[in-house]
Amino acid sequence: MAQHRTYPGSLSNRIYSINPVHPDMADIAEKPTNIPPPLTRREPATVRVDLETKEIEAHLDDKAMFRFWTFNGTVPGPFVRVRVGDQVEVHLKNPEDSWMMHNVDFHACTGPGGGAGATTAAPGEERSFTFKALNPGLYVYHCAVPRSLFI
């Protein structure tokens, strides 16, 4: 069984958590308090979301490394705050030095694949799609490139 460690002040038992214990290691964990402030506007707006895939090697523990797929350098990627009725423009950039194709799939987005098909980008490509926020709540997203594209 894997041995887990906890560090004072850490919100996780993973070594790549936000903490000063291993400053020489890549830190890909997003701070759980890093969320956009509440929206004060009452009218719908167009909200642009810029996401860049970054493949970053970071430690799983003292000995094991993993090449994480991040959005804007963190896991999870940045949180996005919109209002019901907003038009959301999602722009995805996959840098030339990526090893893999990437895309973004918003679970609460209405439409096929939540944008995954429209944003599938090879290294060096940029893709985008637009959706209207029809429902309140959290719009979880992740990379959803089909396994067949890896072979």
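The values are calculated or read from the model by the stated rules, or taken from the named source; none is laboratory data. Since the structure is predicted, the reported quantities are computational estimates derived from the model, not experimental observations. Reconstructed Cβ throughout: ideal geometry from the backbone, glycine too, with neighbour counts over all protein chains shown.
Scan the range 82-100 for residues that are in a loop (DSSP other than H, G, I, E, B) and either surrounded by 14 or more Cβ atoms within 10 Å (Cβ to Cβ) or among the acidic types (Asp, Glu) (or both) and the total you get is 9. Taken over the range 101-151, the residue count meeting the criterion of being surrounded by fewer than 19 Cβ atoms within 10 Å (Cβ to Cβ), at pLDDT 85 or above, over 18 Å from the mean Cα position of the chain (by Cα) and aliphatic (A, V, I, L, M) is 1. Among the residues of the range 34-57, is there at least one that is more than 23 Å from Thr119 (Cβ to Cβ), surrounded by 12 or more Cβ atoms within 10 Å (Cβ to Cβ) and acidic (Asp, Glu)? No, the conditions are met nowhere in the range 34-57.
Quick check: is even one residue across the range 103-112 in contact (Cβ under 8 Å) with a residue 40 or more places away in the chain and not charged (D, E, K, R)?
yes
Among the residues of the range 106-133, the one identified as assigned to a loop (DSSP other than H, G, I, E, B) and touching a Cys at 6+ places or on another chain (Cβ under 9 Å) is Ala133.
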